[in-house]
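Novice: Structure in structure tokens, see below.
FYI, it's all coordinate maths here, none of it is from the lab. Keep in mind that what you see is a predicted model, and the values were worked out from it rather than measured. Cβ sites come from the backbone with ideal geometry, for glycine too, and all protein chains shown count toward neighbours.
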Amino acid sequence: MEAQAIEDMFGVAVAASAEGRLDDAVAAFQAVLVMSPGHDEALFGLGLALMQTRRFAEAVEPLARAAAAPGAEPIRHQCLAQAQFLTGDFAGAAATFAAADAVEPVPEGARLTWARAAAYAALDTTSAQEALDLYARIAGSEAEDLETVARESFGILVAFQRLDAARALGAWLEAHNPADTIRAHELRVLVEPGIDRAPASYVEALFDGFAERFDHQLVDMLGYEAPALLAEMIASRRQQFERILDLGCGTGLAGPHLKRFGGRLTGVDLSSGMLAKAAERGGYYALVQDEAVTFLESHPGAFDLIVSADVLIYFGDLGPVFAAAAAALPPGGLMAFSTELGQGDGWTLLPSARYAHGDAYIRDSASGFRVLERQEIPLRREGADVTVGCLYLLERI
């Protein structure tokens, strides 16, 4: 009877997984394991379902047990290695890929991940050039351009707080391409934490290069919902606005959420690539390429709502932003924005080249405004963690 119950529940889990009901699949696989803790197929199924729901850290243990089962297929080792990589265990991932490859050659896509994992781990004990050479040896004929690998790897290492390794790669990149505005600033951030704002040239270059994949990366991969949540916060106070500014509009992600307020929507951004995507999305009366503070200062009293999602995270000192925003709004006008949550009454330059602001700092710096509402939210996924953010709604006094 128990064997039949195990088989039936395993069938339920497999069906739920196949139909994309991943939470149900996780629960059913876990139920199988309660009845049969060593059920290696249920362990593997649970690990895969957890991977699909981006619960990578939770997936490692069942995948490791599934891979340790007698006669385990190489695919189990490959999936375990992917989970280890996605939790920042690069040495573990490289070792697991190597064990899988000893049984059966690792396929092309997984081999590139293996090569990167080995290179990231090697940065702890070798030079950047030696680590990149190791990447090339493992990747073989499928190896990507080393400068491209180094650029992408720099951001990954920063996200996982592997800052010494990131500095080594940053120095290698600077030596090989000193004209790279993006990496020059991001390396500077790791050695000069007192910089009070990101240079306009950095922001423009960063988002011009990011425009094509911005929506997929931020929304689909990182779980970003700030524009929708800001719109809900605004709507709880007021339903109609005549003149709306989407400050740092990017690809126009906030546009559809701001449409509910019925006003004329202007979008401003430094990146021409982002503005082109916002134009494709539509819904804007005007799209302007300009720096945020400069634009606000040149439009006194021009708006009754300013929305700025994930823009102030590129400023340390917010005093000039708030002063310019207050001048661009009439008394009673609203400003809604997101920040990364910092500590106390100051701002902090993060290794990501973004800034975090303490709640006390926001309240003290927002001269000309009063805080109507504040919410803490999970702003986005970052490496193996979730970045905590804050949403603010301010009223012009």
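Novice: What is the distance in Å between the Cα centres of segment 117-156 and segment 294-308?
Specialist: Using only Cα atoms to place each centre, the spacing works out to 45 Å.
Novice: A follow-up question, please. Net charge within 11 Å of G250 by Cβ-Cβ distance, Lys/Arg positive one each and Asp/Glu negative one each, not counting G250 itself?
Specialist: Working: positive: K277, R281; negative: D215, D246, D269, D310.
Within the 11 Å Cβ shell, the charges total -2.
Novice: Using only the alpha carbons, work out the radius of gyration and Dmax of segment 129-183 in angstrom.
Specialist: 11.1, 31
Novice: With an 8 Å cut-off on Cα pairs and a minimum separation of 6 or more residues, tell me the relative contact order of segment 305-385 in percent. Show your work: numbers first, answer last.
Specialist: Numbers: 112 pairs, mean separation 25.5, N = 81.
After rounding, I find 31 percent.
Novice: State, to one decimal in nm, how far the label point of V219 lies from the label point of A15, with both points 7 Å from Cα in the Cβ direction.
Specialist: For V219 paired with A15, the spin-label model returns 3.4 nm.
Novice: Find the relative contact order for segment 213-396 and round it to a whole percent, using C-alpha pairs within less than 8 Å whose residues are 6+ positions apart.
Specialist: It comes to 20 percent, rounded to a whole number.
Novice: Just to confirm a number: summing +1 for Lys and Arg and -1 for Asp and Glu over residues other than H77 whose beta-carbon lies under 10 angstrom from that of H77, what do you get?
Specialist: Working: positive: R76; negative: E73, D101, E104.
Taking every Cβ under 10 Å from that of H77, the sum is -2.
Novice: For each of T339, T53, T113, T125, count neighbouring Cβ atoms within 10 Å of the residue's Cβ, then give the residues from fewest to most. Don't skip to the end; give the middle numbers.
Specialist: On the way: T339 28, T53 14, T113 20, T125 8.
Least to most surrounded, the residues fall as T125, T53, T113, T339.
Novice: Something else now. From the Cα trace of the chain, what convex hull volume per residue do you get, rounded to a whole Å³?
Specialist: Details: hull volume 63.2 nm³, N = 397.
Once divided by residue count, the hull of the chain is 159 Å³.
Novice: How far is it, in nm, from the label point at A102 to the one at R260 when both lie 7 Å from their Cα along the line to the Cβ?
Specialist: The two pseudo-label positions are separated by 5.7 nm.
Novice: Could you tell me the ratio Rg/Rh of segment 213-396? Both radii from Cα atoms, Rh via Kirkwood.
Specialist: Numbers: Rg = 15.1 Å, Rh = 16.2 Å.
Here Rg/Rh amounts to 0.93.
Novice: Further question: For S272, S338, what ranking results if the residue with the fewest other Cβ atoms within 10 Å of its Cβ goes first? Can you show the working numbers first?
Specialist: Values: S272 13, S338 24.
Placing the least packed residue first, the sequence is S272, S338.
Novice: Be a star and scan segment 220-262 for residues whose amide nitrogen sits under 18 Å from the point 7 Å along the Cα-to-Cβ vector of E280.
Specialist: Taking a point 7 Å out along Cα→Cβ of E280, the residues of segment 220-262 whose backbone N falls under 18 Å are 220-221, 249-256.
Novice: What distance in nm lies between label points placed 7 Å from Cα along the C-beta direction at E291 and R370?
Specialist: The two pseudo-label positions are separated by 3.4 nm.
Novice: Another question, then. With contacts defined as alpha carbon pairs under 8 Å and 6 or more residues apart, what's the relative contact order of the chain in percent?
Specialist: Working: 732 pairs, mean separation 41.6, N = 397.
Result for the chain is 10 percent.
Novice: Out of the GluC sites (Glu not before Pro) in segment 109-173, which ones are loop residues according to DSSP with at most 16 other C-beta atoms within 10 Å?
Specialist: On the way: sites: E130, E142, E144, E147, E152; in loops: E144.
When the GluC sites (Glu not before Pro) of segment 109-173 are filtered for loop state and at most 16 Cβ neighbours within 10 Å, E144 remain.
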